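Below is one structure, written out as structure tokens; the observations come after it.
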Ligand SMILES: CC(C)(COP(=O)(O)OP(=O)(O)OC[C@H]1O[C@@H](n2cnc3c(N)ncnc32)[C@H](O)[C@@H]1OP(=O)(O)O)[C@@H](O)C(=O)NCCC(=O)NCCS
């Protein structure tokens, strides 16, 4: 199977993210385009989406999976990102290295388990290497069992665990993948990538 991937510029990409997020009813805090623009503006970023046909109408193609990532610097002015960098201290080396933070992503329910997220992750890794990144960092929670299982399959390593003493399911898990050209040799997906400004 060949995966059809679109790599978006910021304005169009932010609108596409707002659109696809509406399909993730299980998550109450869905991202709006303004928030995506605020987060990504002024920093190297990537917005990728995979498209596929509707199960009952092969002529209609829709976005089914997405991934948004951005550079994370040692010195951040945004308070959330500053807090994230502080938490990662001792686990991630920022000095003279480029860190890519995998911020949001997912696959619509009807298309899960068909390799879309792997294809986007492989595209992300390939792009990140081309842009001089050394490591990809991602954050999740214990209770997101599907995401944890997926990150395991994609060979992300746990680098930090923040225990929630009240509810263990709310504990935070930080993972990372160090990038080198050999990572590309492990890639399995066949991808057709279109860039949209
Ligand atoms: C997690 C999620 C992104 C996976 O997307 P997907 O397109 O179904 O993933 P893929 O089909 O590309 O699978 C990638 C790999 O992960 C594995 N995988 C997928 N879902 C899994 C699950 N629920 N449990 C364990 N492993 C899983 C696959 O077997 C595959 O491994 P392989 O390529 O070695 O065979 C999707 O289920 C999702 O959007 N979940 C909700 C998002 C979420 O939990 N967000 C929490 C905030 S962090």
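One table, with the values for the structure above:
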quantity: The range 2-196 - share of DSSP beta bridges that are antiparallel (%, nearest 5); calculated: 75
quantity: Förster radius 30 Å - calculated FRET efficiency between residue 171 and residue 82 (Cβ-Cβ, nearest 0.05); calculated: 0.85
quantity: Protection proxy ranking of 4-12, 19-27 - average other beta-carbon atoms within 10 Å, highest first; calculated: 4-12, 19-27
quantity: FRET efficiency, residue 24 to residue 53 (Cβ-Cβ, R0 22 Å, nearest 0.05); calculated: 0.65
quantity: At 1.567 mPa s and 4 °C, Stokes diffusion of the range 35-97 via Kirkwood alpha-carbon radius, µm² per second; calculated: 90
quantity: Using alpha carbons only: equivalent-ellipsoid semi-axes of the range 69-115, gyration tensor based, whole Å; calculated: 28, 12, 9
quantity: Degrees, to the nearest 10: 10-21 long Cα axis against longest axis of the chain; calculated: 80
quantity: Gained length - residue 2 relative to residue 73, 0.36 nm times residue gap less alpha-carbon distance; calculated: 22.1 nm
quantity: Compactness of the chain as Cα Rg over 2.2 N^0.38 Å, two decimals; calculated: 1.00
quantity: Between 0 and 90°, nearest 10: helix 79-88 axis offset from the chain longest Cα axis; calculated: 70
quantity: Gyration tensor (alpha-carbon) shape descriptor, the range 112-158, a/c threshold 1.5; calculated: oblate
quantity: Compactness relative to 2.2 N^0.38 Å, alpha carbon Rg of the range 1-109; calculated: 1.21
quantity: Contour excess over end-to-end distance, with Cα ends at residue 98 and residue 37 and 0.36 nm allotted per residue; calculated: 19.9 nm
quantity: Inter-part distance where the range 118-197 and the range 40-62 are each reduced to a Cα centre, Å; calculated: 18
quantity: Value at 222 nm in deg cm²/dmol, rounded to 500, when DSSP H runs of n ≥ 4 in the chain each add -39,500 (n - 2.57); calculated: -8500 deg cm²/dmol
quantity: Where labels lie 7 Å past Cα in the beta-carbon direction, separation of residue 193 and residue 10 in nm; calculated: 2.1
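Just so you know, all these numbers are worked out from the coordinates, no wet-lab data involved. Bear in mind that the values here come from a model prediction, so they are computed numbers and not experimental data. Because the Cβ atoms are built from the backbone with ideal geometry, glycine has one as well, and the counts that use them run over all protein chains shown.
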